[in-house]
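Working notes, beginning with the structure itself.
Please treat every number below as a calculation from the coordinates, not as lab data. It should be emphasised that the depicted structure is a prediction, and the values quoted were computed from it without experimental measurement. All Cβ positions, glycine included, derive from the backbone under ideal geometry; neighbour counts span all protein chains shown.
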Amino acid sequence: HPAGVSPLCGNQKGTFAYTTVKDRLPVILTKCVDSISRELHAATTTTTASDASSLAPLAQTERATEGKQIIAELSKLVYELQRDRPLQRINDTEEDAASWNSVLESLGGKEGGPATWFGTPWLFSECHMYRKIREIFVVTNYWKDHDVFARQQKEPSFWGSVKSMEELAKHVKDVEVSTLDEELKTHVLREFVQFSLWGNQTDLSLLQNVSHADMHKLQTSTSASLQQLEEKIIVNDSKLLVDAISKIKNGRIDFILDNAGFELYADLCLADWLVHSGVAKQVVIHAKRIPWFVSDTTERDFYWTLDAIQQHATTIRDDTLHSRIQTWRAYLEKGTWKLTVDPFWTLPYSFWQLPTEGGNLWDDMCTSQLLIFKGDLNYRKCVYDGNWATTTPFSEALGGLNNPQTPPLVCLRTCKSDPVVGLRPGQAEDLDKADPDWRVNGKWGMIQYQARAAQ
Ligand code: F6P
Ligand code: MG
């Protein structure tokens, strides 16, 4: 690891890294087991929709046998994790397997031993779990493309958010049809940035037990509640961000997406406004290649969301919502919006390694005028998931990402893990008094901007 930074590890008691590896990851895996059990049950009943219903009887039997095998493999993973056993190599033929295995080999564990679940950097072991889940599915015949988080987690959470989406669509329409002076336009932009920021509260890996009613409360989209929420933004570089954006005309802006559902929708509203207001001629939207951290947006989630909103708008006869989706589809058709999926985002690297390991993806991103990194995991990756003092300057914590090739960037993140940088002296102590869980409970946000580094 580079000098001056120690990555967080699952064995550091008292950290959220420890809580996650010890308690949260087993729960997430157990939910996967539960989800496959339900799928298998659904396949045996005629009343429930199932992916198996179109299969011939023999294929249905083979699918069920594979399903049981998947459950056994997932259970083995929980067992190994809870006993801090060595992390296993990736044993499938996916194109990224070699990269995973070479990072695993380079890590090693205590006293020359193998890397174990608690003993390796948290960022690696947590990402490794999602890649192992992928392996378990991808080696089968009938479950290859199965997204274990879709049906029971991402889709219900989407349907729990549609009220908020309807409200936000009305707001987007109102501001788009109004004649706004420069000051008001700036205000609207700040609002959309905040919608996108607070949309990140609804990450499903953290909110395993939140009801749909609570989700709606989290997403209340009135300007008054946004003003109250401003107090909860512990680093607020909105002004720097808005100044930088106002200098861009017909440029390219990149979104490195986080979660599907309401967060994705809020991100797309921001992307829409950037196009509408003449800032962006192109918006490049980066999604995940495989199911990732429960609720992260895959390509399937992206198009599923557009279809689902359209279907909902038709059902409730909401023309405003309907025409919003038509606008977005037109952006995608014309290439004004471009959805892209690169394997880099689901590799175990931090973003310090983007310039060296990012290949074509990175060369292409360097032509952007602004990179918008969404969410907590992307923040962790930007700052190397390091155990930083909270007063460390953001530019320093960005390490290899802070170089003259890197476009200006902003992180929009609600705090759900230990790494936090760029605070004023004494600020962390004040936060500790105000809310002992401020680092991890998702109630506090950051809009952290970094201009391009000098040559
Ligand atoms: O579990 C680790 C973690 O990165 C948390 O910090 C957070 O709860 C979650 O995964 C991902 O959050 P987000 O969807 O905001 O990246
Ligand atoms: Mg996420």
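Worth pointing out:
- Across the options 226, 261, 75, the greatest Cα extent toward the positive end of the charge dipole of the chain (unit charges at beta carbon of Lys, Arg, Asp, Glu) belongs to 75.
- A Cβ-based charge dipole, computed about the Cα centre of region 69-111 with Lys and Arg at +1 and Asp and Glu at -1, lands at about 300 debye.
- MRE, 222 nm, helices only [DSSP H, n ≥ 4, -39500 (n - 2.57), over the chain, to nearest 500]: -15000 deg cm²/dmol
- Its Cα gyration tensor gives region 16-148 an equivalent ellipsoid. The semi-axes, each the square root of 5 times an eigenvalue, are 32, 16, 10 Å from largest down.
- Extension gain for residue 181 to residue 320 (0.36 nm times residue separation, less C-alpha to C-alpha distance): 47.7 nm.
- The HN-Hα couplings worked out from phi for region 232-248 by the Karplus form 6.51 cos²θ - 1.76 cosθ + 1.60 (θ = phi - 60°) are 8, 8, 7, 10, 10, 8, 3, 5, 4, 5, 5, 4, 5, 5, 5, 8, 8 Hz, whole numbers, x standing for Gly and Pro.
- Summary of the geometry: region 355-402 and region 256-318, compared by the centres of their Cα atoms, lie 22 Å apart.
- Cα-based shape type of region 306-455, given that a ≥ b ≥ c are square roots of the gyration tensor eigenvalues and the cut on a/c is 1.5: oblate
- Comparing 93, 52, 41 along the charge dipole axis of region 40-114, the residue lying farthest to the positive side is 41, per the Cβ-charge model.
- With all pairs of separate Cα atoms included, region 367-455 yields a Kirkwood hydrodynamic radius of 13.4 Å.
- Note on 146, 276: ascending count of other Cβ atoms within 10 Å places them as 276, 146, the fewest first.
- Averaging the sequence gap over all C-alpha pairs within less than 8 Å and six or more residues apart, then dividing by the number of residues, gives region 154-450 a relative contact order of 22 percent.
- Two-decimal log10 I(q)/I(0) for the chain, as the Debye equation yields it once each C-alpha is a single scatterer, q = 0.06, 0.07 Å⁻¹: -0.25, -0.35
- Residue 38-residue 141 FRET efficiency (beta carbon distance; Förster radius 25 Å; 0.05 resolution): 0.75
- Simple point charges give the picture: +1 on the Cβ of Lys and Arg, -1 on the Cβ of Asp and Glu, and for the chain a dipole about the Cα centre of about 200 debye.
- When both bridge partners sit in the chain, DSSP labels roughly 30% of those beta bridges antiparallel.
- Counted charge near residue 84, where neighbours are those whose Cβ lies closer than 12 Å (Asp, Glu -1; Lys, Arg +1): +3
- Bridge orientation summary for region 362-455: considering DSSP beta bridges with both residues in this region, about 60 percent are antiparallel.
- Taking the fewest neighbouring Cβ atoms within 10 Å as the starting point, the ordered list for 55, 412, 168 is 55, 168, 412.
- Its relative contact order, with pairs defined as Cα atoms under 8 Å and 6+ residues apart, puts region 79-206 at 17 percent.
- Nearby lysines by direct alpha-carbon distance to residue 249 (threshold 21 angstrom, same-chain neighbours under 8 apart not counted): 185, 239, 281, 334, 338
- Extreme residue, positive dipole direction of the chain, given options 123, 240, 366 (C-beta unit charges): 123
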